Amino acid sequence: MDFILSEEQKALQKKAREFAIREVLPVARKYDESEEFPLPVIKKAWEEGLLNLGIPKEYGGPGFSLVDSCIVVEEISSACPGIATSVFDNSLGAEPIIIGGNEEQKQRILTELVNEFKLIAFATSEPTMGSDVAGMKCLAEKDGDEFILNGNKFWITNGGFADYITVFATVDPEKKHKGIATFIVDTKSEGVKLGKHIPKLGQRSSNTVSVGLKNVRIPKENILARPGRGFILGMQTFAHTRPAIGAFAIGCARSAMEYSIDYAQKRETFGRPIGNYQVIQEKIANMYKDIEAARLLTYKAAWEADQGIDNNLSSAIAKAFASDVAMNVTTEAVQIFGGYGYLRTFPVEKLFRDAKLYQIYEGTSEIQRIVISRFVMKRYEHAMPYLGKKRS
Ligand SMILES: Cc1cc2nc3c(=O)[nH]c(=O)nc-3n(C[C@H](O)[C@H](O)[C@H](O)COP(=O)(O)OP(=O)(O)OC[C@H]3O[C@@H](n4cnc5c(N)ncnc54)[C@H](O)[C@@H]3O)c2cc1C
């Protein structure tokens with residue numbers, strides 16, 4: 001077991017941190033206020049090789065491991081969670097191609113994403129369906145070698161600016177997960193309607209839109225997963241991207257903790273800095289302890305994915321734990337700042353709003369707990385003798 005970052009990882013962390021401080025932090029508040037899409041920042045990330053993190057070297061990408069990607073996104077998220085979500089969205093959109101694409105698709109799309117500044121989004125969710133992926137209604141109708149898509153996708157991150165979207169749709173809603181297929185949709189195709197930005201509580205710089213699909217013809221070469229394979233591909237994708245959500249949450253929490261340390265040392269009440277009071281010290285100690293635990297769980301989930309180990313369980317644990325840590329830490333940070341914590345002029349207010357999303361997207365905290373409890377209740381092997389007879 002080794003808990004030390006390699007020299008390459010330390011260099012990558014330094015590069016990402018410098019990028020975050022130079023390019024992201026100065027504009028974080030501006031984009032949050034305006035809800036404008038931070039296209040110049042994302043383009044800069046692409047120019048500096050910090051977009052498309054997981055695209056393998058054979059397609060021109062950096063070929064970062066998932067642990068490496070987590071190191072990068074923690075840094076970017078610590079400067080602005082919303083911008084980090086939009087920067088990492090190319091990794092989410094491209095992951096189904098990396099996992100499930102054929103050689104021609106990988107050569108064509110992955111190489112293009114690396115060589116040109118292109119955005120790729122990911123779409124399972126619909127207006128009436130988020131958690132219950134198998135309950136999707138967007139229809140994929142077979143027409144010879146091709147498919148025709150009809151339906152609406154909702155909440156699609158970067159959707160308004162995407163060149164491609166990996167779209168999950170069903171050949172028959174009655175078939176549930178067995179009917180789901182995956183397609184690479186070129187957003188220039190006839191029938192694709194990218195909606196307007198949907199205003200949000202937090203992470204307001206990340207673009208969130210609906211995507212309408214009306215008789216969108218999908219050529220044979222853009223079929224990514226045949227009916228029945230799409231659901232599995234979606235779940236495999238989440239197992240690879242949920243650790244990164246853990247890393248986003250850690251970056252967000254880390255900044256809230258750092259601001260809290262700063263403030264606790266400066267703000268005085270009753271003639272002493274509030275950081276002298278044990279109640280405040282305990283809050284900060286808990287922040288640090290929980291962030292450390294979240295990072296270890298996140299790295300473990302990412303490491304398992306890198307080793308080719310099934311990380312469905314560890315990624316659910318990491319995402320659920322780190323998301324709760326981000327929410328708790330930012331809540332306590334607002335508390336430490338007192339009235340100033342509630343003002344938009346101080347940074348913890350934004351982090352508090354930004355943190356909430358981690359408990360919702362890419363599978364809510366409840367859904368992660370369902371994944372975990374399914375394992376614990378059905379497959380977990382007791383170390384100690386069973387009480388009475390072992391269940392069958
Ligand atoms: C800002 C933002 C960006 C997003 N980006 C994308 C994107 O790029 N692509 C994409 O496809 N989707 C995206 N999503 C959608 C996101 O993944 C869904 O919102 C999420 O999965 C929850 O789905 P829902 O909103 O439909 O909630 P629902 O599924 O309706 O759930 C409502 C509540 O019920 C709980 N619940 C549901 N089922 C159960 C159960 N069986 N047991 C216990 N509790 C349950 C949920 O946890 C939640 O608390 C995004 C969402 C947001 C807010």
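FYI, it's all coordinate maths here, none of it is from the lab. What you see is a predicted model; the values in this text were computed from it and never measured. Using ideal geometry, Cβ is built from the backbone for each residue, glycine included, and neighbour counts are taken over all protein chains shown.
Distances between placed amide hydrogens fall under 5 Å for Leu224 paired with Thr182, Phe183, Ile184, all partners being 5 or more residues away or on another chain. Each other residue within a Cβ distance under 12 Å of Pro127 adds +1 if Lys or Arg and -1 if Asp or Glu, for a net charge of +1. Electrostatic tally near Gly363: other residues with Cβ closer than 14 Å to its Cβ, Lys and Arg +1, Asp and Glu -1, net 0.
Computed from the C-beta positions of Arg22 and Glu292, the FRET efficiency with R₀ = 30 Å rounds to 0.65. Show log10 I(q)/I(0) for the chain at q = 0.15 Å⁻¹, two decimals, from a solvent-free Debye sum over equal Cα scatterers. Summing over Cα pairs of the chain leads to -1.35.
Across region 11-28, computed HN-Hα scalar couplings (Karplus, 6.51 cos²θ - 1.76 cosθ + 1.60, θ = phi - 60°) run 5, 5, 4, 5, 4, 5, 5, 5, 4, 4, 6, 7, 9, 9, 3, x, 10, 4 Hz from first to last residue, x flagging Gly and Pro. Shape index of region 7-115: Rg/Rh, with Rg the Cα radius of gyration and Rh the Kirkwood radius from the inverse mean 1/r over Cα pairs, equals 0.99. A Cβ-based charge dipole, computed about the Cα centre of the chain with Lys and Arg at +1 and Asp and Glu at -1, lands at about 1040 debye.
A Förster distance of 56 Å, applied to the separation of the beta-carbon atoms of Gln278 and Lys57, puts the FRET efficiency at 0.60. Taking amide H as placed 1.01 Å from N in the peptide plane, the amide H of Gly63 sits under 5 Å from that of Ile55, Lys57, each at least 5 places away or on another chain. Normalised by residue count, region 277-392 yields a Cα convex hull volume of 150 Å³ per residue.
P(r) for region 54-203, from all Cα pairs and a bin width of 10 Å, is 10, 37, 36, 15, 1 %, short bins first.
For the chain, what does the helix formula give at 222 nm: sum of -39500 (n - 2.57) over DSSP H segments with n ≥ 4, over the residue count, nearest 500 deg cm²/dmol? Please report the intermediate quantities before stating the final value.
Details: 11 runs with 185 residues, N = 392.
So the calculated ellipticity at 222 nm is -16000 deg cm²/dmol.
By how many nm would the segment from Asp145 to Leu201 grow when fully extended, if each residue of separation counts as 0.36 nm and the alpha-carbon distance is taken off? Before the final figure, lay out the partial values.
On the way: separation 56, 0.36 × 56 = 20.16 nm, distance 4.31 nm.
Full extension of this stretch gives 15.9 nm more.
Karplus-derived 3J(HN,Hα) values for region 157-168, using 6.51 cos²θ - 1.76 cosθ + 1.60 with θ = phi - 60°, are 5, 6, x, x, 10, 6, 8, 9, 9, 8, 9, 9 Hz; glycine and proline are entered as x.
Taking the Cα atoms of region 1-41, the ratio Rg/Rh between the radius of gyration and the Kirkwood radius comes to 1.21.
Counting neighbouring beta carbons within 10 Å and listing from fewest to most, the residues Met287, Met1 come out as Met1, Met287. Loop-located chymotrypsin sites (Phe, Trp or Tyr not before Pro) across region 238-271 with a Cβ neighbour count of 10 or fewer within 10 Å are Phe270, with loop assigned by DSSP.
For the chain, which longest stretch is free of loop sites, where a loop site is one of the GluC sites (Glu not before Pro) that DSSP puts outside H, G, I, E and B and that has at most 15 other Cβ atoms within 10 Å?
Free of exposed loop sites, the longest segment is 191-380.
Between the listed residues Ile109, Ser86, Ile250, the Cα displaced farthest toward the positive end of the dipole of the chain, a dipole computed from Cβ unit charges relative to the Cα centre, is found at Ile250. For region 348-386, trypsin sites (Lys or Arg not before Pro) meeting the loop criterion (DSSP other than H, G, I, E, B) and having at most 16 other Cβ atoms within 10 Å: Arg379. Computed over region 232-378, relative contact order equals 31 percent, with contacts defined as Cα pairs under 8 Å that lie 6+ residues apart. Name the most mobile residue of Arg295, Arg229, Arg108, meaning the one with the largest mean-square fluctuation, in a Gaussian network model of the chain with Cα contacts below 10 Å. Maximum fluctuation in the GNM of the chain, among the listed residues, is at Arg108.
With point charges of +1 on the Cβ of Lys and Arg and -1 on the Cβ of Asp and Glu, referenced to the Cα centre of region 120-231, which listed residue (Ile120, Asn215, Leu201) lies farthest in the positive direction of the dipole? Value computed over the given set: Leu201. Scalar couplings 3J(HN,Hα) for region 360-370, obtained by applying the Karplus form with A = 6.51, B = -1.76, C = 1.60 to θ = phi - 60°, are 10, 7, 6, x, 5, 4, 5, 5, 4, 5, 5 Hz; x denotes Gly and Pro.
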